[in-house]
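Data block below; observations after.
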Amino acid sequence: MPEPGFETRAIHAGQPPDPATGAVVPPVSFSTTFAQEAVGRHRGFEYARSANPTRQALETCLASLEGGAHGLAYASGLAAEDALLRTLSPGHHVILPNDAYGGTFRLIDRVWGPLGVSSTPADLTSTAELEAAWRAETRLVWVETPTNPLLSIVDIGAVAAFAHSRGALVVVDNTFATPYLQRPLSYGADVVVHSATKYLGGHSDVVGGLLVLDDPELANRLSFFQNAAGAVPGPMDCYLVLRGLKTLAVRMDRHCHNAAAVADMLAGHPAVERVRYPGLRSHPGHDVAARQMRGFGGMVSFVVRGGEKAALEVARATEIFTLAESLGAVESLIEYPHRMTHASVAGSPLQVDPGLIRLSVGIETIEDLLADLAGALERASS
Ligand code: P1T
């Protein structure tokens, strides 16, 4: 049999029916400890921080979807990022995007910076900028694509070729795209990181994170840190992400469809100054996105005419789009990055335009979403 397709693996990889009972949904394993027949003789599970059957199912399933050999699950996206950063040493240098999730910047700059890991933000859509930011100590290039919140597109293959020629690793935060739309390892990335809190979980009811990679040596080190530092997710959280993965493909298709319609409407709206959506031909990364991604995703950002004041008014004027942080779930969310998700980058090169609004376009009826946004834009500008 050929390798099963994405949707089949999303539903079955790592989770065959329970051999003991035939249960089609494998039972969630809450046990913290596992019986040993004799000292050191067990069935692969000893203590739930080290390994847990439900977590292992999730790790196997996501590794399969990303096309990687090893998956590791964590208590949050930031815990996954932190685990990866532990592979660096004082004196090492990281190049990070000049547009990225505020919490990623805060972790690298304010937690790892004082521990001796330096970093430089750069526009990774330009190889010249990447080269300018390079130092002899650079060990890691941190890529987000599409970026949060500007939805810039980075050519993963180009960054990987450059970084590898200088002996550094490339990590791609694939949270916005998901493995359904983009598989970074296939373009040469070394590690994929996810906030499972977003599209993978898909229902705004679980916080989690994952790493996926091929290299067995690095996987061993990460597995050691995962157990030794212990930022692991609980079994119920793993179960919720696994359940979300089963519908990832159909949800992403609808997210892409709805977001494209929203971007088109906003692009033609007189109250909107500019729209950022990789599916628009006017987006500078459109061609790379068309090559690298299977669809353009469910996130849309835009700048309202009238700056901060107008943006704040639009953010509170929608009815279906809920004003809230986070993204990637079935319901539509609207947020104001400058004071919400990206408040921690104020004063840094990652600072966000105060006129910017970010939408996580959900899978509700598209006519309702368009009417909600048009109504909010009208109310805010009148
Ligand atoms: O929230 P957590 O699961 O720890 O994931 C952090 C994270 C990592 N990477 C990206 C691209 C993210 O967007 C996030 C979290 N972002 C939000 C909460 C947000 O509203 O942008």
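When residues of the range 165-199 are filtered for being over 19 Å from Phe296 (Cβ atoms), among the acidic types (Asp, Glu) and within 12 Å of the chain's Cα centre (by Cα), how many remain?
Of the residues in that region, 0 qualify.
Mind counting the residues in the range 339-366 that are of a type in the set (Lys, Arg) and crowded, with 17+ Cβ neighbours inside 10 Å? Let's see the steps before the verdict.
So in the range 339-366, the residues of a type in the set (Lys, Arg) come out as 339, 358.
Next, only the ones that are crowded, with 17+ Cβ neighbours inside 10 Å stay: 358.
Number of matching residues: 1.
With the requirement that a residue be of a type in the set (Asp, Glu) and either out of contact with any His (no Cβ under 9 Å at 6 or more places or on another chain) or modelled with pLDDT under 95 (or both), what does the range 324-382 give you? Full working, then the answer.
As a first pass, look at the range 324-382 and keep what is of a type in the set (Asp, Glu): 325, 331, 335, 353, 364, 367-368, 372, 378.
Those that are of a type in the set (Asp, Glu) and either out of contact with any His (no Cβ under 9 Å at 6 or more places or on another chain) or modelled with pLDDT under 95 (or both): Glu325, Glu335, Asp353, Glu364, Glu367, Asp368, Asp372, Glu378.
Quick one: which of Val206, Val212, Val170 is in contact with a helix residue (DSSP H, G or I) (Cβ under 6 Å, 6 or more places away or on another chain), within 13 Å of Gly68 (Cα to Cα) and not acidic (Asp, Glu)? Please lay out each step first, then the result.
Numbers: Val206 fails: within 13 Å of Gly68 (Cα to Cα); Val170 fails: within 13 Å of Gly68 (Cα to Cα).
Testing whether each residue is in contact with a helix residue (DSSP H, G or I) (Cβ under 6 Å, 6 or more places away or on another chain), within 13 Å of Gly68 (Cα to Cα) and not acidic (Asp, Glu) leaves just Val212.
Only residues that are touching a strand residue (DSSP E or B) at 6+ places or on another chain (Cβ under 8 Å) and at positive phi: list them for the range 328-375, please.
Gly328, the sole residue that qualifies.
List the pairs whose first member sits in the range 25-36 and is without any contact (Cβ under 8 Å) to a residue 40 or more places away in the chain and over 15 Å from Arg243 (Cβ atoms), whose second member is among the aromatic types (Phe, Trp, Tyr) and buried (at least 17 other Cβ atoms within 10 Å of the Cβ), and whose Cβ atoms are under 7 Å apart, counting only residues at least 6 apart or on separate chains?
Phe34/Phe45
Could you list, in sequence order, all residues of the range 181-211 that are out of contact with any strand residue (DSSP E or B) (no Cβ under 9 Å at 6 or more places or on another chain) and more than 16 Å from the ligand (Cβ to nearest atom)?
Ser186
Any residue at all in the range 165-177 that's among the aromatic types (Phe, Trp, Tyr) and more than 21 Å from Gly244 (Cβ to Cβ)?
Here is the first cut: in the range 165-177, the residues among the aromatic types (Phe, Trp, Tyr) are 176.
Still in the list and also more than 21 Å from Gly244 (Cβ to Cβ): none.
The answer is no, given that none of the residues of the range 165-177 is among the aromatic types (Phe, Trp, Tyr) and more than 21 Å from Gly244 (Cβ to Cβ).
Is there a residue in the range 32-44 that is loosely packed, with under 13 Cβ neighbours inside 10 Å and aromatic (Phe, Trp, Tyr)?
Within the range 32-44, not a single residue is loosely packed, with under 13 Cβ neighbours inside 10 Å and aromatic (Phe, Trp, Tyr).
Within the range 324-337, track down each residue that is away from the ligand (no atom under 12 Å from the Cβ) and surrounded by fewer than 22 Cβ atoms within 10 Å (Cβ to Cβ).
Step one: of the range 324-337, the residues away from the ligand (no atom under 12 Å from the Cβ) are 330-332.
If the condition is that a residue be away from the ligand (no atom under 12 Å from the Cβ) and surrounded by fewer than 22 Cβ atoms within 10 Å (Cβ to Cβ), then Val330, Glu331 are the ones that fit.
Of the residues in the range 121-142, how many are surrounded by fewer than 16 Cβ atoms within 10 Å (Cβ to Cβ) and among the hydroxyl-bearing types (Ser, Thr, Tyr)?
Selection size over the range 121-142: 2.
The values are calculated or read from the model by the stated rules, or taken from the named source; none is laboratory data. What you see is a predicted model; the values in this text were computed from it and never measured. Neighbour counts run over all protein chains shown; Cβ positions are idealised from the backbone, glycine included.
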